[in-house]
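Here's the structure we're looking at; comments come further down.
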Amino acid sequence: MNYDDPDFLDPEARALEARLGALVPKGPSDEFADRLFAAMHAGEDPVAVSARQAAPRRAWWSGPLVPMASAAAIALFVALHPAGESRSLQTAALPQPPVEKPANALEESANVPALPHGMLARASLDQEVVNQDHEYVSADDDSAVYRKVSRFQMEKVRFVDPDTGTEVIVEVPCEQITLEKVDLY
Amino acid sequence: MLKNNPDSGNPGSDPWRQWYDENSTKLMMFARQQLRRPSDAEDVLHNAILKVWSARKRRAGGVAPTETPDPAEIYTAIRRTAIDLGRRETRRAAREEKVIELEDARGISYFDDPFDEAERNDEISKALRKLPVAQREVVALKIWGELTFAEIGQTLEISENTAASRYRYAMEGLRRILGKGRESYFKNLMVI
């Protein structure tokens, strides 16, 4: 049987089919094509592009996982300063005499603010989006609905101890949260 | 026949751009059968097109492809991307439900509505949403995608018979939903 033959359906179904066929589906939004072809021109990976579109990149230390990052920094501090030599955080926060830094160690961190405690310099080397999730939240006055995008990523960061020149690369879990207003049409 | 590509910086003669302009509404319609939120459907459509484009570019040795996708290929990519998204986001489905209900109540239409047709089109959109996804996607591919049942079967990885059956069930379902309590509805349709 040829299912594509119009006689496959009874007259009422054919009328409905014709009615549906006369409707013009809505296409993507006006900005959609621009985004898509910009991504093609840039030759970017679909997943990376999608994540980047969700929100501009923010440094991991500005996200809500700062406590985790700080804990990682503290753990690193302890690791770099074995028992007997370690300083308290209060001591570490005091101004330290200038120390000559090893060549190339900080070239990527020129515009990066100092870590808490001022004892380590660091530079972001790489980041990998682990997971992206979102939920919908309402404004306090219910005037709008927002898409709250949470992006979890592992960021590879290079720490350099200015005292010893010791360089350590660690992976730090980060979360970036952004709000996008939802158009409810 | 196709001279330029997306890397050429000349979108006017970009075959992918032409392909997009000719197909974007039907692709979006299909994506919206997979996902209830238009914004999610756009995300899926974006990623699906880029995936196909990137795969072709890799096969071409890094050169931007000029050959545009065939229907089965792009619809399959949209469907798989939507399934992946669905898997990742199942856990937040309940949280979204409230927003989706709100949108459904507002009657977000699948269609561009001429003013005098808006109400009826909205009714059809709501009726379509009440069908199972498996039937909706066949309807979208058959009516707006203009695929044959054989092509639909290939796209959805089902037999041609199954595709045709789902379509017939879908039409029956739509008639039942649209005609509920209104015997005259189909009589009106018949004289259009």
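Every number here is computed from the coordinates shown, using simple stated rules; none is lab data. Bear in mind the structure is a predicted one, so any value in this text is a computation, not a measurement. Note that each Cβ is placed from the backbone with ideal geometry, even for glycine, and that neighbours are counted across all protein chains shown.
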Starting from 0.36 nm per residue, how many nanometres of slack lie between B:LYS126 and B:GLU172 once their C-alpha separation is accounted for?
15.0 nm
Exposure proxy check: B:GLU146, A:GLU167 ranked by fewest other beta carbons within 10 Å?
B:GLU146, A:GLU167
Stretch A:LEU179-A:LYS156 to full length: gain in nm at 0.36 nm per residue minus the Cα-Cα span?
5.8 nm
Taking neighbour counts of Cβ atoms within 10 Å as a proxy for exposure, in what order, fewest first, do A:VAL170, B:VAL139 appear?
A:VAL170, B:VAL139
Return B:ASP40, A:ASP183, B:ASP122, A:ASP10 ranked ascending by Cβ neighbour count within 10 Å, so the fewest neighbours appear first.
A:ASP183, A:ASP10, B:ASP122, B:ASP40
Inter-site label distance for A:ASP4 and A:SER29 at 7 Å from Cα along Cβ, in nm
3.7
Multiply the residue separation of B:ALA134 and B:GLU146 by 0.36 nm, subtract the distance between their alpha-carbon atoms, and state the gained length in nm to one decimal.
2.6 nm
Please give me the summed charge of the neighbours of B:GLU137: other residues whose Cβ is under 9 Å from its Cβ, Lys and Arg +1, Asp and Glu -1.
+3
Inter-chain Cβ neighbour average for residues B:134-144, partner chain, 10 Å
2
In a shell of Cβ-Cβ distance under 10 Å around B:PRO71, excluding B:PRO71 itself, what net charge do Lys and Arg (+1) and Asp and Glu (-1) give?
-3
